[in-house]
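Inspection log for the structure reproduced underneath, given as structure tokens.
Values quoted throughout were computed directly from the atomic coordinates according to the rules given, and no laboratory measurement underlies them. What you see is a predicted model; the values in this text were computed from it and never measured. Reconstructed Cβ throughout: ideal geometry from the backbone, glycine too, with neighbour counts over all protein chains shown.
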Amino acid sequence: MTPGTRLDAWQLAERLFAELHISAGTHFPVALGIEVGKEEMIQPLREALARADLKTAEIIQKKWPFGRRWLVEAKSQPRPIIREEIELWLDSIEPTLRDLDAELITWVPLVPAA
């Protein structure tokens, strides 16, 4: 995930929390959007996500001008939405994704009222 994309995700989360009057550190599940380049990497990715205590929610095939890609949506257990903790958590996940020809493209706290 690029630094700019992470910043955008944080700004969105912070704006949502402010609008809903939710304190930082409140626990919510986190949804991840992961892009996969090769179909044969989807099953190993699902297994790696399960080992990281992430549940695969959906797999969507996308068409690109130069082939196909897949969007894997995953969901975590509730975790405190604190910037430093989320950043460290995302940093811990990304190397595994890169090894599987996958890239974290977005994250968002799953706030029921949103």
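Would you work out the charge dipole size for the range 1-40 about its Cα centre, treating the Cβ of every Lys and Arg as +1 and the Cβ of every Asp and Glu as -1, and quote it to the nearest 20 debye?
On the way: 3 positive and 6 negative charges, 32 e Å.
Approximately 160 debye in magnitude.
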Specify which residue in the list M1, I105, P95 is farthest towards the positive end of the charge dipole of the chain, using unit charges on the beta carbon of Lys, Arg (+1) and Asp, Glu (-1), about the Cα centre.
-> I105
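Can you compute the charge dipole magnitude of the range 1-82 about its Cα centre, using +1 on each Lys and Arg Cβ and -1 on each Asp and Glu Cβ, nothing else charged? Give it in debye, rounded to the nearest 20.
Working: 12 positive and 10 negative charges, 38 e Å.
The calculated dipole for the range 1-82 is roughly 180 debye.
Normalised by the empirical 2.2 N^0.38 Å for globular proteins, what value does the Cα Rg of the chain take?
Normalised Cα radius of gyration, the chain: 1.08.
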Burial ranking of peptide ranges 27-36, 103-112 (average Cβ count within 10 Å, highest at the top) = 27-36, 103-112
Is it possible to state the helix-based mean residue ellipticity at 222 nm for the chain, with each DSSP H run of 4+ residues giving -39500 (n - 2.57), the sum divided by total residues, to the nearest 500 deg cm²/dmol? What is it?
-> -12500 deg cm²/dmol
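Assuming R0 = 30 Å, what is the FRET efficiency of L71 and H27, from their Cβ-Cβ distance, to the nearest 0.05? List each step's numbers first, then the result.
Numbers: r = 26 Å, r/R0 = 0.86.
It comes out at approximately 0.70.
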Cα gyration tensor of the range 43-109, axes a ≥ b ≥ c as square roots of the eigenvalues: rounded (a/c below 1.5), prolate (a/b > b/c) or oblate?
-> prolate
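Within the range 1-84, which chymotrypsin sites (Phe, Trp or Tyr not before Pro) sit in a loop by DSSP and count at most 12 neighbouring Cβ atoms inside 10 Å? Before the final figure, lay out each step's value.
On the way: sites: W10, F17, F66, W70; in loops: F66.
Qualifying residues, ordered by number: F66.
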Would you mind computing, in nm to one decimal, how far apart the modelled labels at A57 and E87 are, each placed 7 Å from Cα along Cα→Cβ?
-> 2.5
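Would you work out the relative contact order for the chain, in percent, from Cα pairs under 8 angstrom that are 6 or more residues apart?
Values: 170 pairs, mean separation 46.7, N = 114.
Answer for the chain is 41 percent.
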